[in-house]
Amino acid sequence: MYLGTDVLQQRVLWGFMGELRYAVGGSPISHTLSPLLFSLVFHSLKKNDQLSNLIPRALRLIESVHIDEVLGWGYIEHDEHNPDWTPLESRIESNTLQLRRLVEEVLTREEHASFAGNKSMRTQQPVSRHIPSQYYEEEVWMNLTSPLKHQLQSMAFTPVDNGMDILSVNTLRWTGHGWYCATTDGAGVVDVAFHHGIDVASGAILGLNGGGGSARSIANAWLESGGHVVSLGGRRKIDASLVSKQLADVEQLDLLIDFDGTCDPDIKAKRTLTPDYVPLSGSFDEQELILSTTNMTIDGRWMLVGQHLESWRRLWAPQCAEHLPSLDQLMSWLFGCEFELAQSRRKSMEE
């Protein structure tokens, strides 16, 4: 029997639990840390008596270069395009209990002092009036990575920001009755820049090498926050409409992001942000130093943490915004989980 939208909303309100599935889609995808971030934020909110009517049912990786294959899992859960997850060296769904225990233990830890930074002065986007005010009995939340961010152009999606206009969508929500989408890479990077002492609102200058979906989202958010954007070239140059200064007129960049790995090493920048991230190595203290806000090279994990928090704030749970962890708290938890998983893998190899 079909239940209308109002009835489904009331069932959740009256105590019926909604089931939540989460997936990350793209290629390559096995290295992603997004499932850890999702689990950390979800269970952190649960500890704070939020999302009381949602229970997690599935975490999944979807390896694909086609958006339709990722969306298909949203409609009907299946086991295709499901690679091993590098941090566990096996399927996520085979280790759900282990992951849950790790997350719950790490959530008891304090943030690392070396990850502390400045408060973001970015103007928060108002909550879209298009987002349903309640959760449904079937919820699917997704993050998209390369090469999928520009592929979403269907009228079946309701955007909550300008992500579809700039061809950069990385956050989805399926309620069982409709799709909603957002772009959060840009806002996340602006928050990370403020956190690391870069005053975007006072005209900080960002240099971008490359012009893909993430670059477009970042340039757009940077300009909206009061900064300036310089194109440094790349395989795909950033759109001219998202550029406000020329490199020849700039003595030094405040932040440089090289998406293509082809940037001129002689370009002067106070800080660089590495958009990709690789497994950390060395001792605990050495790894912590890599992620420290004193490091002039900002690890790509910061970008991932920033955009993930914005996904919750903008699309998945805007009503919980004030209960979300801070950037440094979530980074501390992520580092803790990643370090413990690496230690566990090392012990298994030695046995």
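The values are calculated or read from the model by the stated rules, or taken from the named source; none is laboratory data. In this text the structure is predicted, and so the values were computed from the model without any measurement. For neighbour counting, all protein chains shown are included, and Cβ atoms are generated from backbone atoms with ideal geometry for every residue, glycine included.
For residue 272, which of the numbered conditions (1) β-branched (Val, Ile, Thr); (2) without any contact (Cβ under 8 Å) to a residue 40 or more places away in the chain; (3) more than 28 Å from residue 171 (Cα to Cα) fails to hold?
Against the list (1) β-branched (Val, Ile, Thr); (2) without any contact (Cβ under 8 Å) to a residue 40 or more places away in the chain; (3) more than 28 Å from residue 171 (Cα to Cα), residue 272 comes up short only on (3).
From the list 169, 192, 140, exactly one residue is of a type in the set (Val, Ile, Thr), free of Cβ contacts under 8 Å to residues at least 60 places away in the same chain and surrounded by 22 or more Cβ atoms within 10 Å (Cβ to Cβ). Which is it? Can you show your working first?
Details: 192 fails: free of Cβ contacts under 8 Å to residues at least 60 places away in the same chain; 140 fails: free of Cβ contacts under 8 Å to residues at least 60 places away in the same chain.
Just a single option satisfies the conditions, and that option is 169.
Look through the range 210-231, keep the residues that are in contact with a Leu (Cβ under 9 Å, 6 or more places away or on another chain) and surrounded by fewer than 24 Cβ atoms within 10 Å (Cβ to Cβ), and return whichever of them is farthest from residue 270 (Cα to Cα).
First pass over the range 210-231, keeping only residues in contact with a Leu (Cβ under 9 Å, 6 or more places away or on another chain): 210-211, 213, 215-216, 218-220, 222-223, 227-231.
Checking the rest, the ones that are also surrounded by fewer than 24 Cβ atoms within 10 Å (Cβ to Cβ) come to 210-211, 223, 228-231.
Working: 210: 19, 211: 21, 223: 19, 228: 15, 229: 15, 230: 14, 231: 17 Å.
Looking at residues that are in contact with a Leu (Cβ under 9 Å, 6 or more places away or on another chain) and surrounded by fewer than 24 Cβ atoms within 10 Å (Cβ to Cβ), I get 211.
Given the criteria modelled with pLDDT of 90 or more, crowded, with 16+ Cβ neighbours inside 10 Å and of a type in the set (Phe, Trp, Tyr), does residue 75 qualify?
Details: modelled with pLDDT of 90 or more: yes; crowded, with 16+ Cβ neighbours inside 10 Å: no; of a type in the set (Phe, Trp, Tyr): yes.
Here the answer is no, as residue 75 does not meet what is asked.
It is to be established whether one or more residues within the range 232-254 are modelled with pLDDT under 95, closer than 27 Å to residue 338 by Cα and not acidic (Asp, Glu).
no
Mind listing whichever residues of the range 277-296 are within 24 Å of residue 260 (Cα to Cα) and exposed (fewer than 12 other Cβ atoms within 10 Å of the Cβ)?
Those that are within 24 Å of residue 260 (Cα to Cα) and exposed (fewer than 12 other Cβ atoms within 10 Å of the Cβ): 278, 279, 281, 296.
One residue is enough: does the range 181-200 have a residue meeting the conditions among the polar types (S, T, N, Q) and either modelled with pLDDT under 95 or touching a helix residue (DSSP H, G or I) at 6+ places or on another chain (Cβ under 8 Å) (or both)?
We begin by selecting, within the range 181-200, every residue among the polar types (S, T, N, Q); these are 183-184.
Imposing the further condition that a residue be either modelled with pLDDT under 95 or touching a helix residue (DSSP H, G or I) at 6+ places or on another chain (Cβ under 8 Å) (or both) reduces the set to 183-184.
Among the residues of the range 181-200, at least one is among the polar types (S, T, N, Q) and either modelled with pLDDT under 95 or touching a helix residue (DSSP H, G or I) at 6+ places or on another chain (Cβ under 8 Å) (or both), which makes the answer yes.
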